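The values are calculated or read from the model by the stated rules, or taken from the named source; none is laboratory data. Keep in mind it's a predicted model, so treat the numbers as computed, not measured. Virtual Cβ from ideal backbone geometry, glycine too; neighbours counted across all protein chains shown. In case anyone asks, the SASA skips ligands and DNA or RNA and just uses the protein heavy atoms, side chains included. Shrake-Rupley method; radii C 1.70, N 1.55, O 1.52, S 1.80 Å.
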Amino acid sequence: MLTLAPSITLTIWVSPLRARVCGFGAVWLRCSSLAGPGLPRRRALPASAKTAHSGAFNWGIKDNRPPSGACTPARNNVTPPGLTQNDHPMADPNLSSFIWSVADLLRGDYKQSEYGKVILPFTVLRRLDCVLERTKAIVLAEKEVRAAAGLNPAPFLLRISGQLFFNTSPLDLKKLMGDQDHIGENLRAYLQAFSPAVRDIFESFEFHTQIDKLAKSGLLYLVSEKFANIDLHPEVVSNARMGAVFEELIRKFAELSNETAGEHFTPREVIRLMVNLLFIEDDQALTQPGVVRSIYDPTAGTGGMLSVAGEHLASHNPDARLVMYGQELNPESYAICKADMLIKGQDIANIIFGNTLSADGLPGKHFDYMLSNPPFGVEWKKIEKEIRAEAGRMGFNGRFGPGLPRVSDGSLLFLLHLISKMRPAKDGGSRFGIVLNGSPLFTGGAGSGESEIRRYVLENDLVEAIIGLPTDMFYNTGISTYVWIVSNRKPAARKGKLQLIDASGFWQKMRKSLGSKRRELSSEHIDEITRLFGNFEEASQEVDGARVPISRIFKNEDFGYRAITVERPERDAAGNIVLATKGKAKGKPLPDSSLRDSENVPLCEDVETYFKREVLPHAPDAWIDHDKTKVGYEIPFNRHFYVFKPPRPLSEIDAELKGVTDRILTLISGLTK
């Protein structure tokens, strides 16, 4: 460091990493001015770089810059002489690729499926390390003052750090590089000096186990050095960019370990659509100053849905406050979610670890909004005992009173769980969005668990709309998916009705596929779907010269039916009807089980009228066994948007076939000459 003038300092830094790898030192120059007029200062970042409105994660922090005139540590966010843009890690537009390069160090000592156990916690650690860097000195000084006074320093350190966490060690990742022989011991001491909330995050990562393994492999210093030399401060790596990094890293780890990436996060454009639909009818939350709302995700993953919801509300009403709650089963996803909530200033006691269905971590809690993307088609056999016990013990006073779906697919259990978390309508009610596959729409006949659950939500007028999304939208599956919007505070116009929106044609092709995800929703698509929902009216669009419906509105009872059993009499060899000789049916025709049939009669139609019109003309001796009649509900989504396309005329097809045949004969004749 050379002092050029009382207010000007020239710093020369030689990168030890590049000197070791490339065989020469890379010299970085930095000129900092404490108060020198006329000297170039770092260009202020635009507000958009400090607050994200699009990422599935939001690694935002409070502004802790010292007052004007104070010494602000300069950051190496310019490309040093001798390096290309691609050499500088922060200049690489794909930051996840740079972090992923740590895998080159791990290869051989770690299985590919284990890379995430090292890279994810180190990335979180470096992010927190950069966040606390500016207040490090004053936090340590405050600790000494309070300790000398015999006071618990924790509350004072939280205030000084400007975050909901702090670290009382004089070490940071860069300083750890100064003592290679004691890197393991010092790293553990550094982690232990974090406040309890952060320590819990790294315990969920089982980070100490990885430290031991890296140390035994001789890799701990190399990996730590790799992360110490990247700058993950929010002013250098924006919130949206950091979120995209984690999304990409998790996807890669899921692919390597043959896991389903969809278990960890939801595509951000799907989240934005759900959040739009969730808030569109709540003018108070979007406009009233100081309003406080709560939001809950029972399958929180890495916190993406909660983050985007918070960003959406803040963008419309900066004075509003959204209190976030969640529960997550996967330890690593839980750790990332807690880190995200911690940095955003949320109470991370509201983020619970565990299985939402078998052990509700927030019993008795009710929320204003909820979002969820539960795993598709995953069986619940492992927790079947607990679920059935609760359903039998508590009935409708618990979560699963309406019914239980088949063990092979627990999606509807999450729907029931969210309904149980709705705030009573008299207290303002709730709205939630949940992503489900097609199975919950129609699986199970009348009287089955699935049908009874659909019956419960429709007869209680809870479903506002179901939106069919395009295929190939999710990272782990290309199947059709549907967003259900559920509310116990429907606007008057929606009461007793259900809107179906077919958005399967609203997509654009991705430039690069990510797993099974080949399509995405553009901002225009999201706006159009939101408009269709908000207008609450039937609509169509022109496709190949024909009008095709994209929004339809039905009465709830339109999806109900009575499943009737149609019996026909047994006959003897002579063709005579056989009569029962005992029991309540004595003297009546004996039903022939081989001729038994069933019919589904719409709820809006009289059963006897239907029977006379549809059955008796074909089977005059038939009758209905009313004791076996059951009420069922199904939502045949695709049927309501099907448009019949008549086949081409036979003459046109014949002409086309003749043309093909003539061409083939011409080619054959040419070969025989």
Ignoring ligands, DNA and RNA, what percent of the accessible area of the range 115-193 is carbon or sulfur (1.4 Å)?
56
Accessible area per residue, 1.4 Å probe, Å², for the range 330-382: what's the number?
36
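Sorted by packing (mean other beta-carbon atoms within 10 Å per residue), highest first, where do 603-613, 639-649, 358-368 land?
Final packing ranking: 358-368, 603-613, 639-649.
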How about K512: which aspartates and glutamates have a C-alpha closer than 12 Å to its C-alpha, ignoring those fewer than 8 places off in the same chain?
E520
Quotient of Cα radius of gyration and Kirkwood radius for the range 446-495, i.e. Rg/Rh, equals 1.09
Probe of 1.4 angstrom, ligands and nucleic acids ignored: what's the accessible area per residue over the range 403-472, in square angstrom?
26
Can you tell me which of 375-383, 320-328, 153-161 comes out highest on packing, and rank the rest after it, using the mean Cβ neighbours within 10 Å?
320-328, 153-161, 375-383
Equivalent ellipsoid, the range 510-663 (semi-axes from 5 times Cα gyration tensor eigenvalues, Å)
48, 28, 16
Whole-percent carbon and sulfur contribution to the accessible surface of the range 306-463 (1.4 Å, no ligands, DNA or RNA) stands at 50
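Work out how much length A580 to R393 would gain on full extension: take 0.36 nm times their residue separation and subtract the Cα-Cα distance, in nm to one decimal.
63.1 nm
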Taking the simple approach of a point 7 Å from Cα along Cα-to-Cβ for both D597 and D181, what is their distance in nm?
9.1
Ratio for the range 494-578, C-alpha Rg to 2.2 N^0.38 Å, reads 1.98
Working with all protein chains in place, sort D472, D181 by solvent-accessible area computed with a 1.4 Å probe, largest first.
D181, D472
So what are the radius of gyration and Dmax for the Cα set of the range 254-394, in Å?
16.0, 47
Using all C-alpha to C-alpha distances in the range 418-512, build P(r) with 5 Å bins and read off the rounded percent in each one.
3, 12, 19, 21, 18, 14, 8, 4, 2, 0
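Taking 0.36 nm per intervening residue step and subtracting the Cα-Cα distance, what contour gain separates R613 from K382 on full extension?
The R613-K382 span can extend by a further 78.3 nm.
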Hull-based mean projected area of the range 103-197, where the convex hull spans the alpha carbons, in square nanometres
7.3
Which order, highest average first, do 494-507, 112-125 follow once you tally other Cβ atoms within 10 Å for each residue and take the mean per peptide?
112-125, 494-507
Quantify, in whole percent, the carbon and sulfur part of the accessible surface of the range 563-673 (1.4 Å probe; protein heavy atoms only).
58
Which whole-number value in Å² is the accessible area per residue of the range 574-673, probe 1.4 Å?
77
Checking the table K111/K174; K111/K226; K117/K252; K586/K628; K136/K175; K586/K630 against a 21 Å threshold on Cα-Cα, which pairs fail?
K111/K174; K586/K630
Checking the cross-link filter: which lysines have an alpha carbon closer than 20 Å to that of K421, excluding same-chain neighbours under 8 positions apart?
K365, K490
Hull surface over four for the Cα convex hull of the range 529-601, reported in nm², is 10.3
